[in-house]
């Protein structure tokens, strides 16, 4: 049984800490991990195994731990973490996990992130890492030294480790980060690390993500021990030898009074000596080799420990914990623990993230990093320096119920099934057996599985390969990575200058890209359908207004602005003339519609282009691309002014009367201010640009004012009993007129001709983007999906996205827009239908709704356009 | 996270940029002089080497300039970056 020693270790016996595991209270000390505190209190057993429900005990000392998963309840709540990496704090509460973990409730503890830069990042504060950090700091470099443990020095700290790190931390430009795990290395010296601050900084952030860019990265992550497989090798009390040494050295915990030690290399005998000096009575050391060094033999002689050479453990015995082992020489040894080290295993998974291969070296029976990159190198024992020579020891003879991956409950028998099924690649066997896919990332099972496969196939281990490690090397919670970017901070929110007015009016908002746009303005408990119907009727019969400020606006200026727009857009814009506005479309090189909007000619060298709300950034990018890469000779400047302007669309038969009241100095009559013209005017005392464009078919004005004046104009309009409306009503009004929404009625595979917008494609002007593609055979096919209107018979509201089939059940297309229309007096829909333009009057079926539809012209309302002048 | 040297702004994180695909695929002087196959080739076919490739990238979250990035698609190393040629210069 494990127990705490009276002396030794790095724990502070003056600071006892109470903690609770599975409802039972225990006492540990400052400097303990939860695992060392449990072992110190005699608790070895943890939750049962995930699939087979077998009893398990603490097996490792850090992230290699496959068994001791706990859920933390206090002070920090964590759904699943190995007890071996949890620093003990007073009042800590945990439950051991059996089977599968349970997600935590939404995290309440604060997390944050730091971006850091350094000449040298050193990962690991053991002997090698400390020396590297001291060297780099001595050369005047900015150094970041991260170490996963709470205190430096590696598994078995040297006496001076703490002082050396304190000296380093005192230097300018040196950052020392204990309790910090690097989870992955990425391109160009980029590393991500997670600092666990819950113990050292109560009340502040519990986790901090470090995003580090370093000119040079030094991996000094040391080694762990590799076990081997024998029957019942999962019993509690069986543990890695190095872990036992770490518990002894750091926590003064003896993990067993009478452990059998099994090894295949000389490196284990230092630990044998340490355990024996600490009072363990070792029944035997079982060494697979026929010869050991004289030093090793003298350790056993000194402590009178029987040394069994050329021997391995074949089976462990015990009820709920190990009580004896059988050995290959036919012996049976009573014991209360088994400590394993078949070989030392360099922990160099981070190196493989940046492409440094891990090569199998037969002499040390381990994977050793082979080479370095221009930024990353591995040093110390992680690089294979000083590894003891080891015999290849993978699996005891005739083992059957021998575990390879404790975390996944995968056995030697599972590997045999995979091999019998014909699998040979270790990557395939990994997926078949799930070996190496647990939260411990195969630290103790990956190479072991490869060794067993190689042995079974009679091939060298180097030939069968090992599974490649990928980030993250430790389990990472989404909450840690998200940091503060949750809730309102998850994504930037863009609000228009009129947002507070919409909130006061009780608007229901929808997200359009990052914008918050009012969807509708319910009154007195109206449902959306009722509100939209009322808003639509106001726009068609009275007057209504919408905040259109989210539309992208780009100022295109310079002597070549006009010719430039001719090349970017489908119709001719250079000849527009001052004071005019034109609707236009943009295509990609493939001829497919990418955006639409209006262009105002401000003067000969200044055009103001509007884009869709969602397309503003992409349109600007596309314009920059062509200007900079293909047409650098054009003298054009682009400026995004979306945020500078507020735009109010004033719509309805009464819109002219209302606006005229607020614009006494300008004649707004149809004769004086024609459709598709713009002019400057004073609206409610504000200098404004007013244009006569209409996205509804009604008489309408667009009022552009500087953003700071938006509320004043909106309020002045509101005093005239103008009904505010949102995006939903805007969608209905435009659909009634057959106007498309790019991105809703188009999907990147639709040309202007497919939409029935052939009139917007100029054949007279020169080349424009997409023109040649509109002459490709595929874009001229008569059976392309084309935009049509749909009237259901009997009237019914179709689902947007609903499939449409012909009488034979062949797929013809889908519904792109569908609304109940007050103006038309029935539901209407737009659809993309194969060869739709030639199918006017035909009937199609929406099978999901079981509804017949007649294909009609997409203009449902006022096809003669008589309403636009009021 | 690549570190990309914008020729105007200096080394910046990859997230500040967008990649615009292979560089040096020039717009044909007269697209209508190409037959459908040739035009389709210009539209859709790009080099896909396992090794160095010249790409055009835009510093969208910075100066908005397009420039050339020489990137090794095998090692993911940025080999060089440079400004676009001025009007009349060769790429």
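Quick check on this structure: which one of A:122, A:81 is at pLDDT below 95, outside the structural domain of residue A:241 (by TED's automatic domain parsing) and in a strand (DSSP E or B)? Lay out the reasoning, then the answer.
Values: A:122 fails: at pLDDT below 95.
Being at pLDDT below 95, outside the structural domain of residue A:241 (by TED's automatic domain parsing) and in a strand (DSSP E or B) holds for just one of A:122, A:81, which is A:81.
Would the stretch A:483-495 turn up any residue that is touching a residue at least 40 places away in the same chain (Cβ under 8 Å), over 24 Å from residue A:711 (Cα atoms) and surrounded by 15 or more Cβ atoms within 10 Å (Cβ to Cβ)? Looking through the stretch A:483-495, at least one residue is touching a residue at least 40 places away in the same chain (Cβ under 8 Å), over 24 Å from residue A:711 (Cα atoms) and surrounded by 15 or more Cβ atoms within 10 Å (Cβ to Cβ).
Of all strands (runs of 3 or more DSSP E) completely enclosed by the stretch A:159-229, which ones contain at least 1 residues that are more than 24 Å from the chain's Cα centre (by Cα), within 30 Å of residue A:342 (Cβ to Cβ) and more than 14 Å from every other protein chain (Cβ to nearest Cβ)? Talk me through it step by step, then tell me what you get.
Working: elements: A:174-177, A:180-185, A:190-196, A:207-219, A:223-226.
Where strands (runs of 3 or more DSSP E) fall fully within the stretch A:159-229 and carry at least 1 residues being more than 24 Å from the chain's Cα centre (by Cα), within 30 Å of residue A:342 (Cβ to Cβ) and more than 14 Å from every other protein chain (Cβ to nearest Cβ), they are A:207-219, A:223-226.
This table checks each residue for (1) in contact with a strand residue (DSSP E or B) (Cβ under 6 Å, 6 or more places away or on another chain); (2) under 28 Å from residue A:436 (Cα atoms); (3) part of a loop (DSSP other than H, G, I, E, B).
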residue: A:260; (1), (2), (3): yes, yes, no
residue: A:290; (1), (2), (3): yes, no, yes
residue: A:333; (1), (2), (3): yes, no, no
residue: A:355; (1), (2), (3): no, yes, yes
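Reported count of residues in the stretch A:403-441, each being part of a helix (DSSP H, G or I), touching a strand residue (DSSP E or B) at 6+ places or on another chain (Cβ under 9 Å) and more than 15 Å from residue A:461 (Cβ to Cβ), is 4.
Residue A:576 meets the stated requirement of being closer than 17 Å to residue A:557 by Cα, away from chain B (no Cβ under 14 Å) and surrounded by fewer than 23 Cβ atoms within 10 Å (Cβ to Cβ).
Quick one: is residue A:667 touching a residue at least 40 places away in the same chain (Cβ under 8 Å), away from chain B (no Cβ under 14 Å) and either more than 19 Å from residue A:733 (Cα to Cα) or assigned to a helix (DSSP H, G or I) (or both)? Walk me through it before giving the result.
On the way: touching a residue at least 40 places away in the same chain (Cβ under 8 Å): no; away from chain B (no Cβ under 14 Å): yes; either more than 19 Å from residue A:733 (Cα to Cα) or assigned to a helix (DSSP H, G or I) (or both): yes.
For residue A:667, the condition - touching a residue at least 40 places away in the same chain (Cβ under 8 Å), away from chain B (no Cβ under 14 Å) and either more than 19 Å from residue A:733 (Cα to Cα) or assigned to a helix (DSSP H, G or I) (or both) - is not met.
Restricting attention to the stretch B:39-53, the residues being more than 10 Å from chain A (Cβ to nearest Cβ) and either buried (at least 17 other Cβ atoms within 10 Å of the Cβ) or not in a strand (DSSP E or B) (or both) number 9. For the stretch B:54-62, the count of residues that are within 15 Å of the chain's Cα centre (by Cα), at the interface with another protein chain (Cβ under 7 Å from one of its Cβ atoms) and not in a strand (DSSP E or B) is nonzero. Check the stretch A:613-620 and report whether any residue there is farther than 26 Å from residue A:511 by Cβ and surrounded by fewer than 19 Cβ atoms within 10 Å (Cβ to Cβ). No, the stretch A:613-620 contains no residue that is farther than 26 Å from residue A:511 by Cβ and surrounded by fewer than 19 Cβ atoms within 10 Å (Cβ to Cβ). Of all residues in the stretch A:770-783, those satisfying the criterion of being more than 7 Å from every other protein chain (Cβ to nearest Cβ), assigned to a loop (DSSP other than H, G, I, E, B) and surrounded by fewer than 20 Cβ atoms within 10 Å (Cβ to Cβ) are A:781, A:782, A:783. Filtering A:316, A:382, A:345 for residues that are in contact with a helix residue (DSSP H, G or I) (Cβ under 8 Å, 6 or more places away or on another chain) and part of a strand (DSSP E or B) leaves a single hit, A:345.
When residue B:46 is tested against (1) under 22 Å from residue A:188 (Cβ atoms); (2) touching a strand residue (DSSP E or B) at 6+ places or on another chain (Cβ under 9 Å), only condition (1) is not met. Only a single criterion out of (1) surrounded by fewer than 14 Cβ atoms within 10 Å (Cβ to Cβ); (2) more than 30 Å from residue A:774 (Cα to Cα); (3) within 10 Å of another protein chain (Cβ to nearest Cβ); (4) under 16 Å from the mean Cα position of the chain (by Cα) is not satisfied by residue B:80, namely (3). Criterion applied to A:466, A:473 was being in a loop (DSSP other than H, G, I, E, B), in contact with a helix residue (DSSP H, G or I) (Cβ under 6 Å, 6 or more places away or on another chain) and closer than 30 Å to residue A:207 by Cβ, and the one residue passing it is A:473. Whenever a residue of the stretch A:390-414 is in the same structural domain as residue A:264 (by TED's automatic domain parsing) and without any contact (Cβ under 8 Å) to a residue 60 or more places away in the chain, it has no partner that is in a strand (DSSP E or B) and surrounded by fewer than 20 Cβ atoms within 10 Å (Cβ to Cβ) lying with C-beta atoms less than 6 angstrom away and at least six residues away or across chains.
Residue check: residue A:639 meets all listed conditions (1) within 14 Å of another protein chain (Cβ to nearest Cβ); (2) outside any strand (DSSP E or B) but one, namely (2). In summary, residue A:152 fulfils each of the numbered conditions (1) more than 14 Å from chain B (Cβ to nearest Cβ); (2) under 33 Å from the mean Cα position of the chain (by Cα); (3) surrounded by fewer than 24 Cβ atoms within 10 Å (Cβ to Cβ) with the single exception of condition (3). A residue that is touching a strand residue (DSSP E or B) at 6+ places or on another chain (Cβ under 6 Å), surrounded by fewer than 18 Cβ atoms within 10 Å (Cβ to Cβ) and modelled with pLDDT of 95 or more can be found somewhere in the stretch A:201-214. Under the condition of being crowded, with 16+ Cβ neighbours inside 10 Å, in a loop (DSSP other than H, G, I, E, B) and at negative phi, the residues counted in the stretch A:807-851 number 5.
Of all residues in the stretch A:64-75, those satisfying the criterion of being in a loop (DSSP other than H, G, I, E, B) and crowded, with 20+ Cβ neighbours inside 10 Å are A:64, A:65, A:66, A:67, A:68.
Only one entry in A:816, A:792, A:845 is farther than 30 Å from residue A:537 by Cβ and outside the structural domain of residue A:656 (by TED's automatic domain parsing), namely A:845. Any residue in the stretch B:1-24 that's on the phi > 0 side of the Ramachandran plot and more than 8 Å from every other protein chain (Cβ to nearest Cβ): show its pairings with residues that are surrounded by fewer than 15 Cβ atoms within 10 Å (Cβ to Cβ) and modelled with pLDDT of 95 or more at Cβ separation under 8 Å, as long as the two are six or more apart or on different chains. Final answer for the pair search is B:21/B:46.
Just give me the residues in the stretch A:715-732 being touching a helix residue (DSSP H, G or I) at 6+ places or on another chain (Cβ under 6 Å) and assigned to a helix (DSSP H, G or I), in sequence order. Residues satisfying the conditions are A:716, A:728, A:729, A:732.
Check whether at least one residue in the stretch A:573-584 is under 42 Å from the mean Cα position of the chain (by Cα) and either more than 26 Å from residue A:696 (Cβ to Cβ) or assigned by TED's automatic domain parsing to the domain that holds residue A:627 (or both), and report yes or no. Yes, the conditions are met somewhere in the stretch A:573-584. The residues on offer are A:585, A:600, and the sole one that is on the phi < 0 side of the Ramachandran plot, away from every other protein chain (no Cβ under 14 Å) and in contact with a helix residue (DSSP H, G or I) (Cβ under 8 Å, 6 or more places away or on another chain) is A:585. Under 23 Å from residue A:192 (Cα atoms) and at pLDDT 95 or above: does that describe residue A:147? Considered against the rule, which asks whether it is under 23 Å from residue A:192 (Cα atoms) and at pLDDT 95 or above, residue A:147 comes out as yes.
The values are calculated or read from the model by the stated rules, or taken from the named source; none is laboratory data. Since the model is a prediction, treat every value here as computed from it, not as a measurement. Cβ coordinates were reconstructed from backbone atoms using ideal geometry, including for glycine residues, and neighbour counts include every protein chain displayed.
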